[in-house]
Amino acid sequence: MAAKQLDGHPGDRIGDLRTNLGMTKKELSQKTGIDASQITRIENGNLKTISSDYLIKLAKELKTSTDYILGLTPVSVPKSYDISELGLSNEAVKGLVTGTVDVEILNHLLEHKSFPRLIHLIRIYFQDTAARGIMARNQLIEMATASLSDLMKEHPEHRAAAKQDLQFLNAQKLGEHEAELEKIKNVFLAILRDIKKDMGSGEQPGEVATAAMLQTMRDTLAEQQQEPVTMDDVAGMIAGQLGKLVPMDEETAEQFRQLAKKMMKQAGGTQNEEEP
């Protein structure tokens, strides 16, 4: 696609860039100070040469390089592109520039359809929202097991059945981050398997260093900033999971949701108190 853009005269590329940005000739004229009629002549190829002053102004407003306009490079993004817009740290960029990071594998990762989901799951893990939900879930299970223990003491004849239920409930407890890490692992391994398959078949990642690639990186980073899982979401999830273990009506489920939410708030408060 980039090769086709190099066909024709500089005016073709200027017109394409302007159109892609949704900019009219009048708007480009106002931004650059170049008369609209001159821009029309440039785009139509009626000018044999374009002054360096015009080139610089047009390249700046069209977010490209003068080399691209002149057809000297297929890369429409200027080399002086502000990498800070992607939100990458200096060390991250250094890894790409020095080659210590395998760019081909990184491209495959960024382009994979499940990569944004992987980033979102990692963000949830770092935020500890789900961890507090797991703690609340475990506390609810402990309440249920305590009731079963009391039942065993009061009614020894039900000891065998209650003991079996007790073992089942205890087996449902999860480590603080166990569920999150398991999800992250499963998604990541699925991505790796897909990438291995693609690389094994000789499939290459998308075009190198194009505007499309930079946009993909922007979209992936923006995905990390989506709305975090709320306490209500986690409380609902806990009640739903417990509903699979112990049948309950909607009213009881709502009580469990409220109880789980209260426990998560308490867990969050305790965690804040422990922080220096």
Pick from the range 9-32 the residues that are in a loop (DSSP other than H, G, I, E, B), surrounded by fewer than 17 Cβ atoms within 10 Å (Cβ to Cβ) and not polar (S, T, N, Q): which of them is farthest from the chain's Cα centre (by Cα)?
-> MET23
Applying the selection to the range 186-199, what residues are without any contact (Cβ under 8 Å) to a residue 60 or more places away in the chain and under 15 Å from HIS120 (Cβ atoms)?
-> ASN186
So which pairs qualify, if the first residue must be in the range 94-109 and in contact (Cβ under 8 Å) with a residue 40 or more places away in the chain, the second must be assigned to a helix (DSSP H, G or I), the Cβ gap must be under 6 Å, and the two must be at least 6 apart or on different chains?
-> HIS108/ILE195; LEU109/PHE115
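Per-residue answers, yes or no, for (1) within 30 Å of ASP194 (Cα to Cα); (2) at pLDDT 75 or above; (3) out of contact with any Lys or Arg (no Cβ under 7 Å at 6 or more places or on another chain):
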| site | (1), (2), (3) |
| --- | --- |
| SER80 | no, no, yes |
| ILE83 | yes, no, yes |
| GLY95 | yes, yes, yes |
| VAL101 | yes, yes, yes |
| GLU104 | yes, yes, yes |
| HIS108 | yes, yes, yes |
| LEU118 | yes, yes, yes |
| MET135 | no, no, yes |
| ALA146 | no, no, yes |
Hey, LYS94 part of a helix (DSSP H, G or I), surrounded by fewer than 17 Cβ atoms within 10 Å (Cβ to Cβ) and among the basic types (Lys, Arg) or not | yes
Out of all the residues in the range 33-58, which are at pLDDT 90 or above and not in a helix (DSSP H, G or I)?
-> GLY33, ILE34, ASP35
Out of (1) in the same structural domain as LEU189 (by TED's automatic domain parsing); (2) at pLDDT 85 or above, the odd one out for GLU61 is which?
-> (1)
List, please: which pairs have Cβ atoms under 6 Å, are six or more places apart or on different chains, and start with a residue in the range 12-39 that is more than 12 Å from LEU58 (Cα to Cα) and end with one that is aliphatic (A, V, I, L, M) and surrounded by fewer than 17 Cβ atoms within 10 Å (Cβ to Cβ)?
-> LYS26/ALA36
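The values are calculated or read from the model by the stated rules, or taken from the named source; none is laboratory data. None of these values were measured; they are calculated from a predicted model. Reconstructed Cβ throughout: ideal geometry from the backbone, glycine too, with neighbour counts over all protein chains shown.
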